[in-house]
Structures are given as structure tokens and as C-alpha cells.
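Since the structure comes first, as C-alpha cells, the remarks are kept for the end.
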Amino acid sequence: MEGSILRIRDLYVSYGKIKAINGVSIEVKKGECVAIVGANGAGKSTLLKSIMGFVKRQKGEILFLDKKIDGLATHTIAKMGISFVPEGARVFPSISVYGNLLLGAYKEKDKTTIKRRLERVYGIFPRLKERLNQAAGTLSGGERQMLAMARALMGEPKLLMVDEVSLGLMPKLVDVVFDVIDRLHKEGLTILLSEQNAHKASEVADRIYILELGKILKETDRDGILNDPLIKKAYLGM
Ligand code: ATP
């Protein structure tokens, strides 16, 4: 494993009086797939949103490729190489699938590069290729999730962050999306995902952080999560 791509030190984030993140320190190394596992309201989305600069931190430091990114604007953070797939597969509903994909590469001006990226995402998501001219709002939930991921990949990120990909999807589609995550990871992409489903997380992640009430309760590898009595009870329903 190479060096660190993302390092968070002692992060605190509040919404008014609500303390969502209470002193979180995590690290993601190049090429790793890391999962943040936690229940509803644990702070998973807030953690990812604070990395992306959507929510401001009260305290702490966020380093991306050894550069401080906390306090930077979201578009600057995106430009440095982080793509975020938000919860609920948000796409631009009135724009075509193709248009949504192009928006994911809006910073890239070179037509050949854009074409190469399009071919790559068509290879990963053949379903989208069949629906290029369809308005994104008319896609099924699973297809929208795929489009949201494909759009994020069009930016050719160094770090892909995926928030609660399995939420609201049928189990079969959850499997499809997790297969894609696994494939991207095996191709060398660094991934940070948040997930309520500890089982699914353990299928793809090299390492897992358990987040509870805004604090990291535990860090474990993928086998550890399935064998830890505490995790089994709280997150695997055993
Ligand atoms: P879920 O799985 O339900 O999305 P989560 O782990 O992603 O949960 P967050 O959405 O990060 O959790 O929420 C963490 C805490 O912060 C919760 O108590 C939530 O109510 C609160 N919170 C989140 N967003 C806001 C906001 N915009 N304003 C006020 N409180 C918020």
C-alpha cells in the first residue's frame, strides 16, 4: 500500500447545538476502499459532506494528498480530485443521461479525453449507454444511482466518495452497485464509502471504521467486522 490520500485529524462538526462529528480521525491510503459503517444519524453523511466542503468544521484538519483542504470551496476540492456521490442518487432530472455524464466532466476541455472517459463508463454501465437520450428523471432508482456514480467517474477522481449507496435500492440492485464499487477498487481507484449495511461494506472494503454518535468506535479489517461480537450484535443483527 502506498501513502496516504486522505487524512482527517480530530474533526468536529456541529449543526447549531447538534454535535454531529465529535473528534473523528481517519485515514485512507492510495488504492484502498474504506467504509464508514454506522446507524441512522451516526454522522456518516456529515463526515463525507465536510470532506467535500459542503458543511463547515468547528475544529480539526482535513488533508488531501498532504494538502489542507478544510476551509476550501467545494469546487476547488472537486478540482483537486475528489468526486462525491450523494445519498439518494441525485441527478439533473430534466437533462438527458448523456448531458448528465458530460456535466461530470465539465472541467475537462479536451474532446478526446472526454470521449475516452465516456467509453470507460459505458463499459462499466452498459445500461446507461442504451439510455443516453432519455431524461435522467425518467430512469429507475437503480439506473439513477448508476448515473450518479458514472457522472462522478466522468471527473476521473483520485478519490471517489459514495454516500449510502444501498439506501432505497432493491437487494439485487444493491449487489449490482457493490459489484461496480468492487470493480473500480480492483482497477486501482481509491474509494471512501458510507454504509449502514455492515455485511455489504465487508464485501468490498479493505478497512472499516465504525461510527457511532459522531465518534469512531472501532477500526477493523473486513474479516474483523464479521467476527467482532460487539459489531455482530449492533450492526449485523446477530
Ligand atoms: P443517515 O444514515 O440517517 O443518513 P448519517 O449517519 O448519515 O445518518 P448524518 O446525516 O450525518 O447521519 O446526521 C448526523 C446528525 O446530524 C443527526 O443527528 C442529524 O439529525 C444531524 N443533522 C444532519 N444534517 C443536519 C442539518 N442540516 N441540520 C441540523 N442537523 C443535522
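Every number here is computed from the coordinates shown, using simple stated rules; none is lab data. None of these values were measured; they are calculated from a predicted model. Glycine gets a Cβ as well: all are built from the backbone with ideal geometry, and neighbour counts include every protein chain shown.
With an 8 Å Cα cut-off and a minimum separation of 6 or more residues, compute the relative contact order for the chain in percent.
27
From the convex hull of the Cα coordinates of segment 92-156, what is the mean projected area in square nanometres?
3.7
Which percent of the Cα-Cα distances in the chain go past 25 Å?
40
So which of LYS107/LYS172; LYS44/LYS172; LYS19/LYS158; LYS107/LYS129; LYS19/LYS79 end up more than 27 Å apart by C-alpha?
In this structure, LYS107/LYS172; LYS19/LYS158; LYS19/LYS79 lie more than 27 Å apart at Cα.
Please give me, ordered by residue number, the GluC sites (Glu not before Pro) of segment 117-202 that lie in loop per DSSP and have at most 15 other Cβ atoms within 10 Å.
Answer in residue order: GLU130, GLU187.
Over the alpha-carbon set of segment 1-123, divide Rg by the Kirkwood Rh and report the Rg/Rh ratio to two decimals.
Taking Rg over the Kirkwood Rh, I get 1.01.
Between the alpha-carbon centers of segment 162-238 and segment 103-127, tell me the distance in whole angstrom.
Taking the Cα centre of segment 103-127 as reference, the centre of segment 162-238 is 28 Å away.
So which chymotrypsin sites (Phe, Trp or Tyr not before Pro) in segment 93-172 are both in a DSSP loop and have at most 15 other Cβ atoms within 10 Å of their Cβ?
Answer in residue order: TYR106.
Sketch the reach of a paramagnetic label on LEU226 as a point 7 Å from Cα along Cα-to-Cβ, and name the residues of segment 190-205 whose backbone nitrogen lies under 16 Å away.
From segment 190-205, the list is 197-205.
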